[in-house]
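Here the structure comes first, spelled out in structure tokens, and everything after it is commentary.
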Amino acid sequence: MSVTVRVPAKVNVQLAVGAARPDGFHDLANVFLAVGLYDEVTVTPADGLRVTCAGPDAAQVPLDRTNLAARAAVALAERYGQDPAVHIHIAKDIPVAGGMAGGSADGAGALVACDALWGTGASRAELLDICAELGSDVPFSLVGGAALGVGRGEKLTALEVGGTFHWVFAMAARGLSTPAVFREFDRLAEGVDIPEPIASQPLLDALAKGDPDALAAAVSNDLQPAALSLFPELADTLTAGRAAGALAALVSGSGPTTAFLARDPGAAAQVAQALAASGTCRTVRTAAGPAAGATVIARPSHEVHENPS
């Protein structure tokens, strides 16, 4: 028997960052929107814990116990006195190290899949609690849709979305370390009085109305200056997307993926085509949001399925 769970990528339509806390983290007002780029995580009983991965940039994914999917399986197993003897296979389609929470998605996917495989019967609150232990973005990967994350981003409030938003994502030629981006944020903020992060009411209203023009006017990312400082070439990608007609252009989360809001699917296709031809990025993807969170899509009652590594 195996269980497969599909989990979405995310874009941060607002990322407000507070000053560094004594524990090294930052308080955030993080407005997440799940988008239709997915990883699929399949768990199958095995002799021991094993992780395999296939798909774009799979070679960059760690296959040891540092992988968030493996950590999720171990965390759930420890809580329920279960042996984490599973083969976790990740079919990767979310960009790796791209600021779109691909690793967090895999953690949430493995957690939901192992819960279903083992029949632990964990409540949603328990699963979200484990997610928060695993990382700041993991809870949102579980719930999907749209949500405001505060604290480190792990304390979620679901948000109303009144329509579909169309996005283009440009993947950069190299990665950016999230801790490095936060360190650069702290360096750039030295001597600056940083306000408490709060969600933008115009942005929340734009989401609720499904209004792409209003959303475009309200998107923001406090980490963008730090990401551009470490990776100046991203400015060329942002410029190319705006020139192609994007309503808004911003770095997604800590980067280096850049995100472009388009009015409709046709406009998104035009922006994607122009970005692909611009020479400023490695690959381009289109996706719409909101998308559902971690969802069980296959729960066969028999047939052990070994995915290729």
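The values are calculated or read from the model by the stated rules, or taken from the named source; none is laboratory data. Small disclaimer: the values here were computed from a predicted structure and weren't measured. In this analysis, Cβ positions are derived from the backbone assuming ideal geometry, glycine residues included, and neighbour counts consider all displayed protein chains.
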What residue, among those in the range 205-230 that are part of a loop (DSSP other than H, G, I, E, B) and touching a strand residue (DSSP E or B) at 6+ places or on another chain (Cβ under 8 Å), is surrounded by the most Cβ atoms within 10 Å (Cβ to Cβ)?
LEU223
In the range 127-147, which residue that is under 17 Å from THR295 (Cα atoms) and out of contact with any helix residue (DSSP H, G or I) (no Cβ under 7 Å at 6 or more places or on another chain) is surrounded by the most Cβ atoms within 10 Å (Cβ to Cβ)?
PHE140
Among the residues that make up the range 171-185, is at least one of them under 19 Å from VAL13 (Cβ atoms), out of contact with any Ser or Thr (no Cβ under 8 Å at 6 or more places or on another chain), in contact (Cβ under 8 Å) with a residue 60 or more places away in the chain and surrounded by 16 or more Cβ atoms within 10 Å (Cβ to Cβ)?
yes
Here is a list: ASP39, ASP27, ASP93. Which entry is in a loop (DSSP other than H, G, I, E, B) and among the charged types (D, E, K, R)?
ASP93
For the range 186-199, what are the residues that are small (Gly, Ala, Ser), more than 23 Å from ALA235 (Cβ to Cβ) and touching a residue at least 40 places away in the same chain (Cβ under 8 Å)?
ALA199
Mind checking which residues of the range 121-132 are under 18 Å from the mean Cα position of the chain (by Cα) and at pLDDT below 95?
ALA132
Just to be sure I understand the filter: pairs with C-beta atoms under 8 Å, separated by 6 or more residues or on different chains, first member in the range 104-127 and within 12 Å of ARG71 (Cα to Cα) and assigned by TED's automatic domain parsing to the domain that holds ARG65, second member assigned to a helix (DSSP H, G or I) and among the charged types (D, E, K, R). Which pairs pass?
GLY107/ARG71
Of all residues in the range 245-263, how many are assigned to a loop (DSSP other than H, G, I, E, B) and either more than 16 Å from GLY99 (Cα to Cα) or not hydroxyl-bearing (Ser, Thr, Tyr) (or both)?
7
All but one of (1) in contact with a helix residue (DSSP H, G or I) (Cβ under 8 Å, 6 or more places away or on another chain); (2) surrounded by 21 or more Cβ atoms within 10 Å (Cβ to Cβ) hold for PRO45; which doesn't?
(2)
